[in-house]
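Just below is one structure, and these are the notes that go with it.
The values are calculated or read from the model by the stated rules, or taken from the named source; none is laboratory data. Predicted, not measured: the structure shown is a model, and the values here were computed from it. As a convention, Cβ positions derive from the backbone with ideal geometry for all residues, glycine included, and neighbour counts pool all protein chains shown. Ligands, DNA and RNA are excluded from the accessible area calculation, which covers all protein heavy atoms including side chains. Shrake-Rupley method; radii C 1.70, N 1.55, O 1.52, S 1.80 Å.
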Amino acid sequence: MTRKLPDDIVCRLPLKLDALNDDEHTFRDALPRPSGLPTPDPSRSFWTHGTPDCNPLAHEGSEGDLTSEADICIIGSGITGVSCAYHLSRISSSDKPLKVVILEARDFCAGATGRNGGHLTASLYSRMHELSQLYGAEEAKKAFALESYTVTSIVKIIKENGWEQDVDLVAGGHLSLVFTQAELDSIELDIHAAEKAGVQGVETVELLDAQYVEQHYGTTHAAYRTAGYNLWPLKLVTKLYELTRSKRETSSLLQSLVPSILTSSNTGNERSNITLHTHTPVYSVLPTENSKYRWAINTSRGAVAVNYVVHGTNAYVSYLLPQLAGPSGVVPTRGQVLATRSVVPRKQLWSNGWGGNQGYEYWFVRPGPPEDRALIILGGGREGSGPNFEYNIDDDSSVNPKVSATLRGFLPAAFPKKFDKDTEPEMEWTGIMGFTQSHDPIVGSVLRQRDDEMKGMYVAAGYSGHGKYAKSLRLVRLYRRFSYNAEIVAQMIVADKQNRKWAAPSWFPSWYLTAASKSALQE
């Protein structure tokens, strides 16, 4: 029996509802325009500027000599780039540690990873009906299994290293509010497909009726409850970089995630020699005439000669790889977030994360003194940004006033006893996401525009916010990037360096691979 929502629940919400169809059409019509470099003066996010000491690596390696030679250059110091370095340090079986250089155009982790909503929640059903139709249920299940495993593994590495307080990890669960019948029908369809396919964890999803949600949370909307966390994403990436750079032994996250793929790999005795250069934008990547190296990475401070290049720049990937511009590649898309206060004390609010309106809006309450007014990180509003849905915008130095109005009005309308429409945000910022036609990432080796492989060139980009049903700057698939995308690229590099063919693990969703990597598997 199809569940029905009360007819009057949407009237108080200042939102554009059921916007996905318009959003999809707008994306398909986006021009294939390459992105620019990251804006040198971005808006200040809570994660990067909320406290004086929140980004100790902000200017790391920005002065002095630039590394002139390395085995591998990773472009981008967000979760993709740092995760790739982390995995390389643990799966290389070479007697000589790999020399890795990370180049960042701005402050450390100043892109989407340092500008998102701070959620760490695995999807247990979103898009399952669609993915099953496209790829079959068994193949579709891989994406959900990996999400669950990776969230568990990230929490494990945080706890093993005693980082809970350092990264403000909170295990409060996640509630997704339902605002329209169309949204409810779509969720029910996905949950049914997930249950039919046997997706692990979907049995834990709870439907909370509007009466229960109003009594316990103060808003008159039904919700779906799942497990989940929130944290300070920049601090997690900082800890991960410091761990990668350190000599201290640690258990391998990858080993806990998928032990079978490490049967022939060194999981901790070998270390990479890692160097970080911030404020070093890359202008071009060109073949080198040096017989020892394949590529010259040309930066604002000189050139770096390397054999392998990892493009971990997500929304900005088409600046260096123009063949990935447009809907057939990765489209830069601006998201917006603010930090605001409740009118009630922290103790009257919740520790869980929230989402709503097909995932366009997302928020959670920051840890804090119970008697103080709570600080809330709220993002979204892109559905009300105007006819272009913020596509093909790569400037994060300013905010969209229409989105600001949506965000300011949302919480007071949804929780009228806990928020006031006249409360001014303490901070407001934007960040640039990278969206793809399939809503899934692009992972693997890179093709030139004339369809020949660029040897030693790899990409992991196009995370699409949180996918089709959460088109927003949540955690920008932090867990997805950390585990399998960064790890798959690391595997490919190590395989090439050892002169052996890379074999796709049975657990990896094959549709994420680039055309070049798919072709190589078939040879």
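Listed values, structure above:
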read-out	value
Stretch gain in nm, segment residue 290-residue 31, where the contour uses 0.36 nm per residue and the Cα spacing is subtracted	89.5 nm
Built amide H within the under 5 Å cut-off of residue 283, gap 5+	298, 299, 300
Projected label distance in nm at residue 455 and residue 22, using a 7 Å step from Cα toward the beta-carbon	5.1 nm
Cα-projected label distance for residue 438 with residue 196, points at 7 Å along beta-carbon direction, nm	2.2 nm
Value of Rg/Rh across the range 374-432 [Cα atoms, Kirkwood radius]	0.98
Helix 137-160 axis, angle to the chain major axis (alpha carbon atoms, nearest 10°)	80 degrees
Cβ-derived FRET efficiency at R0 41 Å, residue 495 paired with residue 168, nearest 0.05	0.65
The range 1-145: equivalent-ellipsoid semi-axes (sqrt of 5 x gyration tensor eigenvalues, Cα, Å)	39, 24, 17
Per residue solvent-accessible surface (Å²) - the chain, probe of 1.4 Å	38 Å²
Two-decimal ratio, the range 77-125, of alpha-carbon radius of gyration to 2.2 N^0.38 Å	1.49
Distance between the range 161-237 and the range 405-461 - C-alpha centres, whole angstrom	19 Å
Neighbourhood net charge (12 Å Cβ-Cβ; Lys/Arg +1, Asp/Glu -1) for residue 171	-1
Tilt relative to the chain, helix 233-245 - C-alpha long axis, 0 to 90 degrees, to 10	20 degrees
Candidate aspartates and glutamates for bridging to residue 16, where Cα separation is under 14 Å - those fewer than 8 sequence places away on the same chain excluded	183, 361, 383
Rounded to whole Hz, the Karplus (6.51, -1.76, 1.60) HN-Hα couplings of the range 488-497, x for glycine and proline	4, 5, 4, 4, 4, 5, 4, 4, 5, 5
Theoretical FRET efficiency, 1/(1+(r/R0)^6), r = Cβ-Cβ of residue 300 and residue 246, R0 35 Å, to 0.05	0.75
Computed E for residue 506/residue 421 - FRET, C-beta separation, R0 41 angstrom, nearest 0.05	0.20
Rounded to 5, percent antiparallel among DSSP beta bridges of the chain	70 percent
